[in-house]
Structure formats: structure tokens, C-alpha cells
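Before any comments, here is the structure.
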Amino acid sequence: MTQDKTKLAVYGADKPVWRPVIAIGLSTFAVVTTEMLPIGLLTPMAASFGSPVGAAGLAISLPALLAGLFAPVVLVVSGGMDRRRILIRLLILLVLANLACAVAPSIGWLLAARILVGFCMGGVWAIAGGSAPRLVPQPSQGMATAVIFGGVAAASVFGVPTGALISDLADWRTAFGVMAAFSGLVLLLNLWALPPLPVRHSVRPRQFVELLGRPSVRLGLGITLLLVAGHFMAYTFVRPSLQMLSGIPTHWVGLLLFAYGAAGVAGNFIAGALPARRIGATLILISGSLASTLFAFHILGTTASGGTLVLIVWGLAYGGVSVALQTWMMRAAPDAIEVATSLFVAVFNLAIALGSLLGGQAVDRLDLQTNMLMAAVLTTTALGLALVARRSLARSSR
């Protein structure tokens, strides 16, 4: 890029530069697709290693857990390094991690490679999530954040079926090889499109402690924990819920999940288009919609038509969660966006693990319908916290 474009991208101007925003959006798509790829490959992976499916399942849970732990660490360790250089190195590591998975001779090798994926996820999310204010002027930041997190939403739609399709046509190793090639293309795009993203100061551990002292930051993280954990408590078991509660035939489930994902992408961009100054109201709307949807599934999801309708609304509601919460964190800590984003990424990924764990316990000890009801209670609690948070942010903005 020319010097003028670099300056525009770093300092903002009247006209936004969208190429680097799209490049970072594709980076989040690549890393989240890599995260979700094994979901559609578990059975053939386990069979090729002669290991239990549960052991192969660690290829999914390990990256999410480690991404939550690594997100703050990446920023602290990187010090004052240009964020472009960090993102490029993380994408190189993502290519190598996918290649390592493709040639893994044992389940242990595969899981070690997936640890690298978790490191990449935490770092890419932490840098990408807070990059919009550095790439576009304020009026375009909501849409830029939606594009960046649109990679997450799109990966949620295409990640699992893409892996399964490639595995059916070739084998599971080819799926990781294809993902390595795609990640390489994303790397080249970022090398071409991203301007330098220097930082003035290194991130220090005490900054995390100081930021946690702000009520609006704690409230944002609390809403994140409750919303995401509640969602994954239910969504982890969406397939058996559709089949056993709604009575939907197996051959329709994949199509319905694709429709759910498409609704999620739409919800992501709708939330991103809403004014940042109304973020409190947006979070209340999303939390209320998600809680209502889960309660509705508990009541209406006992029929195929009811389950289908509620599933689509569920996807629309959850699709806006990431971009709305990221926007909240940027408003709550405009002077420390990277630190706030890394805390958000950490809590978000830990909430995924917590929600799945709680859901598994509820389903095993109780039943699917009770699990859905408990997930609805969690998201309703998030709605209450969002009401408190809106007042808190309004007071801090005065």
C-alpha cells in the first residue's frame, strides 16, 4: 500500500479503506473454520488412529479452551510489535498447524497441532476484534466490525459441512490440507492489503487488572459469559433436540442447520449496522430475543414446524452477539481496545467450554427439554445484566 493509504488506514479519514477490513474478516473466517473443521471429521479421524471418538473430540474442545487462555498472553508477549507483523506470523502458524494436522501420524500429534490452532485463535481474535477503529473512520466502524466478525458467522455456517464434504470426496487429511492452502491464500491477501499497525505502548499485565476495575467492562464480560454459555448449553445439542423433541427427520437436519447459519450471518450484519451509540439497546434486544427463542423452543419446539421456525429466529438472534458485544467493549474501554478485546475473546471462548460442559451434564442427568429451559434461564439473566449495563454506560458517557 502507498504511504497515503497506510496513513489513512491507521489514523482514519473521511473515506474508509475496506481492503484491509476484508482481509482481516477472511482471517477470522480461516481461523474459526479451522477450529470447527474436526466436528465433521470426528468419526473418520478416530477410526484412522484407532482411538475413541471422545479422545478425538479433544481436537474441538482444546482449541476453544486454549484460545481463551492465550488471547491475553499473545498481547503481553508481543509487546510493542506492529500488529500487522503479529497477525501475519499467526497466519503462518495457522498454515503450519493445518499441515501438521494433515500429516499427523498419531492422535497425540494431532492434538499438539490443535494446541497451535488455539494459540492462533486467541491471537487473531484479540487483534482482529479491535482493529476496526484503526482501519476506518468512526461512522463506518460498526459495519467494519460486522465484516470482521462476519468471518466468524460465515465459518459457523460453512466450517462443519465443508470438512464433511471434502472428507466424503477424499479423506479427513485432505480437508486439513485444503484448509492449509486456503489459509495460505488468506496470508498472501493480508500481506498485500494490510497497512502497518504500530502501537504506542506495550500491553502490561496490570492493564488487564485496571480494566477489570471498570464497571462497564465487567458488565460486558458478564453478559458475554451468560449469553455465550447459555447459547452453547443449548446449541451443542441442537441436532438431537431437532430430531428427538421436534421430530424432524435426519435428512432435513443439515439443511435446517445451514438455514440457521445463514440467519446468523444476517443477524451479524444487522447488528453491525445499528448505531454504536445505541449499543445498550442493541444488547437488550439481542439478549431478550435469544432468551425468548430458547423459551419458545422449550414450548413450541415439540413440533417440526415450531422447531424449524424457532431455529431460524434463534440463528438471527445469536448472529448479532459477537459484533454487539465487541462494540460494547470498544465503547466501555476506548482507550484500551486491544486489552478489552483480549478479555472479551478469553471470556467468550471459556464460555463456549462452560456452556457445553453444563449442557452435557444437564442432558445426561435430566433431559434435552430441561437443558433448553436452563439455557433460557441463563440468557434471561444476561438480559437483566444488559438492562443494568445500559444504565451504567449511559452514566459513564456523561
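The values are calculated or read from the model by the stated rules, or taken from the named source; none is laboratory data. Just so we're clear, the structure is a prediction, and the values are computed from it rather than from any experiment. Here Cβ is always computed from backbone atoms with ideal geometry, including for glycine, and neighbour counts include all displayed protein chains. Remember, those area values only see protein heavy atoms, side chains included, never the ligands or the DNA or RNA. Shrake-Rupley method; radii C 1.70, N 1.55, O 1.52, S 1.80 Å.
Please build a GNM for the chain, connecting alpha carbons under 10 Å apart, and tell me which residue among Gly50, Gly261, Gly220 fluctuates the most.
It is Gly50.
Please name whichever of Leu41, Phe237, Gly118 sits farthest to the positive end of the charge dipole of the chain, dipole taken about the Cα centre and charges placed at Cβ: Lys and Arg +1, Asp and Glu -1.
Projecting each Cα onto the dipole axis, the largest value belongs to Gly118.
Would you work out what percent of the accessible area of the range 165-318, with all protein chains in place, is carbon or sulfur (probe 1.4 Å)? Walk me through the intermediate numbers first.
Values: 4960 of 7050 Å².
Carbon-and-sulfur percentage of accessible area, whole number: 70.
Counting Lys and Arg as +1 and Asp and Glu as -1, each charge on the Cβ, what is the dipole of the chain about the Cα centre in debye, to the nearest 20?
Working: 25 positive and 11 negative charges, 276 e Å.
Once rounded to the nearest 20, the dipole reads 1320 debye.
Quickly work out the Arg278-to-Val77 label distance, labels modelled 7 Å from Cα along the C-beta direction, and quote it in nm with one decimal.
4.2
Let me have the 222 nm mean residue ellipticity of the chain computed from DSSP H runs of 4+ only, each contributing -39500 (n - 2.57), with the sum over all residues rounded to the nearest 500. The partial results should precede the final answer.
Numbers: 18 runs with 319 residues, N = 398.
The per-residue figure over the chain is -27000 deg cm²/dmol.
Would you indicate which of (1) 21.8; (2) 21.2; (3) 22.5 is the value of Kirkwood radius over Cα pairs in Å derived from the coordinates of this structure?
The listed entry that was calculated here is (2).
In the chain, which whole DSSP H runs stretch at least 18 Å along their own axis (Cα) and average 0.5 or higher on the Kyte-Doolittle scale?
On the way: long enough: 19-36 (26 Å, 1.16); 58-78 (27 Å, 2.33); 83-102 (29 Å, 1.54); 107-129 (32 Å, 1.71); 141-169 (40 Å, 1.31); 172-193 (32 Å, 1.36); 215-235 (29 Å, 1.28); 250-273 (36 Å, 1.21); 279-300 (30 Å, 1.83); 304-319 (22 Å, 1.41); 337-365 (41 Å, 1.29); 368-396 (42 Å, 0.84).
In the chain, the long hydrophobic H runs are 19-36, 58-78, 83-102, 107-129, 141-169, 172-193, 215-235, 250-273, 279-300, 304-319, 337-365, 368-396.
Using modelled backbone amide H atoms (1.01 Å from N, in-plane), which distant-in-sequence or interchain residues come within less than 5 Å of Leu197's amide H?
Excluding prolines and chain starts, which carry no amide H, the hits are Arg83, Arg84, Arg85.
Which order do Val103, Val345 take when ranked by solvent-accessible area (1.4 Å probe, heavy atoms of all protein chains), largest first?
Working: Val103 100, Val345 0 Å².
Solvent-accessible surface, decreasing: Val103, Val345.
Only loop residues by DSSP count here, and only those with at most 10 other Cβ atoms within 10 Å; note down the trypsin sites (Lys or Arg not before Pro) in the range 163-257 that meet that.
On the way: sites: Arg173, Arg200, Arg206, Arg218; in loops: Arg200.
Answer by residue number: Arg200.
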